[in-house]
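Asker: Just passing along the structure, written as structure tokens.
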Amino acid sequence: MKSEIITVGSEILLGDIVDTNSEYITRQLVELGINCYYHTAVGDNEERLTDTIKRALNRSDIIFLSGGLGPTYDDMTKEVVAKILNLELEFDQVSYDRIVDIFGKSNRVLTPNNRKQALVPKGAKILTNYRGTAPGILIEKDNKIIVLLPGPPSEMYDMFEKSVKPYFMKMTGKTIISHRVYLFDIGESLVEDILEKEMKSLSNPTIAPYSGNNGIYLRITASANSVEEAESLMKPLIDKVCHIFKDNVYSVDGPTLEAAVIKKLTENNLKLSSAESCTGGLLGKRLTDIPGSSKVYEMGLVTYSDAVKHKLLNVKLETLSNYGAVSEETAIEMAGNLLELSDSDVSVAITGIAGPTGATKTKPVGLVYVCVKYKERTLVKTLNLSRNYSNDRERIRSLSASHALKMVLDII
């Protein structure tokens, strides 16, 4: 079956928001074994939206529309689809009762235009919105399937997972399961080169690399008659991948390094503290973004100046004078003295030059030292993170924190 995705909203064409819905739906379709041939973005204009939907119906079997289901005058996706398919809109009391309940619980005023969201094409399947007010809609007509989904990503993701995905899985008669193996500090091209044989020869399960926020991940997918059968097909491949990339794998199905660190600390009943210079608290921020971090993350210091490194962390003045704040020696003292200052089991320190200023010939932009201490072990890494961009500050800071998190996992 051929499918395509249409995102509706002038704000997408104006660049005010990024279309993450198409990316998400496409990934889901790959796992479902449904080919997606087209992505289209169209503004809130009835004529252009009509032309776009008609063109999609002529060339695809399944059309996903995201956005335009709200209560305002420019939300017209549902109305345009109903008009094209010659379907009447009818009032759905169940959907309206949900809208009334949501407004009541949040003490918001329910205006008359919200009634519009409870109008649905006659004969359509209504998809409950558990994260918002606009219900989704699924229409089967003339051997075509049209799925209307809300625009806000949190609502759309939840609806797709709970309603849309089970619908298509039931239709195909197969159980499709995927796992993701997350890797850090290795390039996608190298991973693909190492796994070229598996990627080309395997059909079930399949394996494919993708770029992620912290590095890359390998999506391993299997199709079977049951969850248990699919899992048994994937396990040998997941084990093989984890062995091949044992120095780079940080999680299976856990997309962030910080979540993996919190999980590892919790499992081992350990506490961690951090001392940061060039990252300015980014490491602590990422750790405390994770629910449950308060049980294992004890404290974080941002010791940006040399004076504060000496005053709070007792980094020796001789060390700062002889080697500089950006040095392996300073990083080691920061981490070691932080353990004495705190009641933590693990300490991590970061010091470096994020740029674009402050660099010298011997200490260029992107030079970062990370030190992690745990029990009697000390792990130190010298990083050269610059790509000679005019301003690579954000990337250098983010990678410095990511390397520190991976080092915490490694030392534990």
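Asker: Going through segment 223-233 one residue at a time, which ones are in contact (Cβ under 8 Å) with a residue 24 or more places away in the chain and out of contact with any Ser or Thr (no Cβ under 8 Å at 6 or more places or on another chain)?
Answerer: 231, 233
Asker: Kindly evaluate residue 283 against the criterion of being touching a residue at least 24 places away in the same chain (Cβ under 8 Å), in contact with a Ser or Thr (Cβ under 6 Å, 6 or more places away or on another chain) and in a helix (DSSP H, G or I).
Answerer: Working: touching a residue at least 24 places away in the same chain (Cβ under 8 Å): yes; in contact with a Ser or Thr (Cβ under 6 Å, 6 or more places away or on another chain): yes; in a helix (DSSP H, G or I): yes.
Here the answer is yes, as residue 283 does meet what is asked.
Asker: Out of all the residues in segment 304-336, which are open to solvent by less than 30 Å² (accessible area, probe 1.4 Å) and either of a type in the set (Gly, Ala, Ser) or over 27 Å from residue 268 (Cβ atoms) (or both)?
Answerer: So in segment 304-336, the residues open to solvent by less than 30 Å² (accessible area, probe 1.4 Å) come out as 309, 313, 315, 319-320, 324-327, 330-331, 334-336.
Those that are open to solvent by less than 30 Å² (accessible area, probe 1.4 Å) and either of a type in the set (Gly, Ala, Ser) or over 27 Å from residue 268 (Cβ atoms) (or both): 309, 315, 319, 320, 324, 325, 326, 327, 330, 331, 335, 336.
Asker: Working only within segment 30-57, note down all residues that are hydrophobic (A, V, I, L, M, F, W, C), closer than 30 Å to residue 220 by Cβ and in contact with a Ser or Thr (Cβ under 6 Å, 6 or more places away or on another chain).
Answerer: Those that are hydrophobic (A, V, I, L, M, F, W, C), closer than 30 Å to residue 220 by Cβ and in contact with a Ser or Thr (Cβ under 6 Å, 6 or more places away or on another chain): 34, 36.
Asker: Looking at 406, 373, which one is of a type outside the set (Phe, Trp, Tyr), touching a Ser or Thr at 6+ places or on another chain (Cβ under 6 Å) and either modelled with pLDDT of 95 or more or under 22 Å from residue 319 (Cα atoms) (or both)?
Answerer: Numbers: 406 fails: touching a Ser or Thr at 6+ places or on another chain (Cβ under 6 Å).
On inspection, the qualifying residue turns out to be 373.
Asker: Between 184, 245, which is under 30 Å from residue 404 (Cα atoms), touching a Gly at 6+ places or on another chain (Cβ under 7 Å) and touching a residue at least 24 places away in the same chain (Cβ under 8 Å)?
Answerer: 184
Asker: Scan segment 204-215 for residues that are under 22 Å from residue 406 (Cα atoms) and either polar (S, T, N, Q) or surrounded by 22 or more Cβ atoms within 10 Å (Cβ to Cβ) (or both) and report the count.
Answerer: Qualifying residue count for the region: 3.
Asker: Still on this structure, I have one more. So which of 225, 214, 269 ends up being within 30 Å of residue 352 (Cβ to Cβ) and not aliphatic (A, V, I, L, M)?
Answerer: The match here is 214.
Asker: Now, a different point. Within segment 7-47, can you find the residues that are over 30 Å from residue 204 (Cα atoms) and charged (D, E, K, R)?
Answerer: Hits for segment 7-47 are 11, 16, 19, 44, 46, 47.
Asker: Shifting gears a bit: Quick one: in segment 142-197, which of the residues that are among the aromatic types (Phe, Trp, Tyr) and open to solvent by 30 Å² or more (accessible area, probe 1.4 Å) is nearest to residue 71 (Cα to Cα)?
Answerer: 157
Asker: While we're here: Could you list all residues from segment 101-122 that are in a loop (DSSP other than H, G, I, E, B) and touching a Leu at 6+ places or on another chain (Cβ under 7 Å)? Full working, then the answer.
Answerer: Our first condition is that a residue be in a loop (DSSP other than H, G, I, E, B); within segment 101-122, this holds for 106-111, 122.
Matches in segment 101-122: 122 only.
Asker: Here's a follow-up. Residues 148, 119: which one is without any contact (Cβ under 8 Å) to a residue 60 or more places away in the chain and either at negative phi or in contact with a His (Cβ under 9 Å, 6 or more places away or on another chain) (or both)? Show your work before the answer.
Answerer: Working: 148 fails: without any contact (Cβ under 8 Å) to a residue 60 or more places away in the chain.
Every option except 119 fails the conditions.
Asker: Give just the number: which of (1) over 26 Å from residue 28 (Cβ atoms); (2) more than 29 Å from the chain's Cα centre (by Cα) does residue 120 not satisfy?
Answerer: Single failed check for residue 120: (1).
Asker: How do the pairs read when you match residues in segment 24-50 that are open to solvent by less than 60 Å² (accessible area, probe 1.4 Å) with residues anywhere that are of a type in the set (Gly, Ala, Ser) and in a helix (DSSP H, G or I), using Cβ under 6 Å and keeping only pairs 6 or more apart or on different chains?
Answerer: Going by the 6 Å Cβ cut-off, the qualifying pairs are 43/10; 44/10.
Asker: Pull out all pairs, ordered by first then second residue, where Cβ-Cβ is under 7 Å, the residues are six or more apart or on different chains, the first lies in segment 286-310 and is among the acidic types (Asp, Glu), and the second is part of a loop (DSSP other than H, G, I, E, B) and crowded, with 16+ Cβ neighbours inside 10 Å.
Answerer: Going by the 7 Å Cβ cut-off, the qualifying pairs are 298/271; 298/342; 298/344; 306/325.
Asker: Filter segment 342-362 down to the residues that are at pLDDT below 95 and open to solvent by 20 Å² or more (accessible area, probe 1.4 Å), then identify the one that is nearest to residue 264 (Cα to Cα).
Answerer: Here the answer is 343.
Asker: Would segment 76-89 turn up any residue that is modelled with pLDDT of 95 or more, in a helix (DSSP H, G or I), under 21 Å from residue 158 (Cα atoms) and among the polar types (S, T, N, Q)?
Answerer: Just the residues of segment 76-89 that are modelled with pLDDT of 95 or more, to begin with: 76-89.
Next cut, in a helix (DSSP H, G or I) only: 77-84.
Of the ones still in play, those that are also under 21 Å from residue 158 (Cα atoms) are 77-78.
Next, from what is left, pick out any that are among the polar types (S, T, N, Q): 77.
Yes - at least one qualifying residue is present in segment 76-89.
Asker: I've got another one for you. Could you identify the single residue in 246, 285, 309 that is more than 19 Å from residue 396 (Cβ to Cβ) and under 27 Å from the mean Cα position of the chain (by Cα)?
Answerer: The match here is 246.
Asker: Could you tell me which of the residues 139, 99 is more than 30 Å from residue 30 (Cβ to Cβ), hydrophobic (A, V, I, L, M, F, W, C), over 24 Å from the mean Cα position of the chain (by Cα) and buried (at least 17 other Cβ atoms within 10 Å of the Cβ)?
Answerer: Just one listed residue meets the conditions, 99.
The values are calculated or read from the model by the stated rules, or taken from the named source; none is laboratory data. In this text, all values refer to a predicted model and were calculated from it rather than measured experimentally. Counting neighbours? That spans all protein chains shown, and the Cβs are built from the backbone with ideal geometry, glycine included. Note: accessible area is taken over every heavy atom of the protein model, side chains too, but ligands, DNA and RNA are not part of it. Shrake-Rupley method; radii C 1.70, N 1.55, O 1.52, S 1.80 Å.
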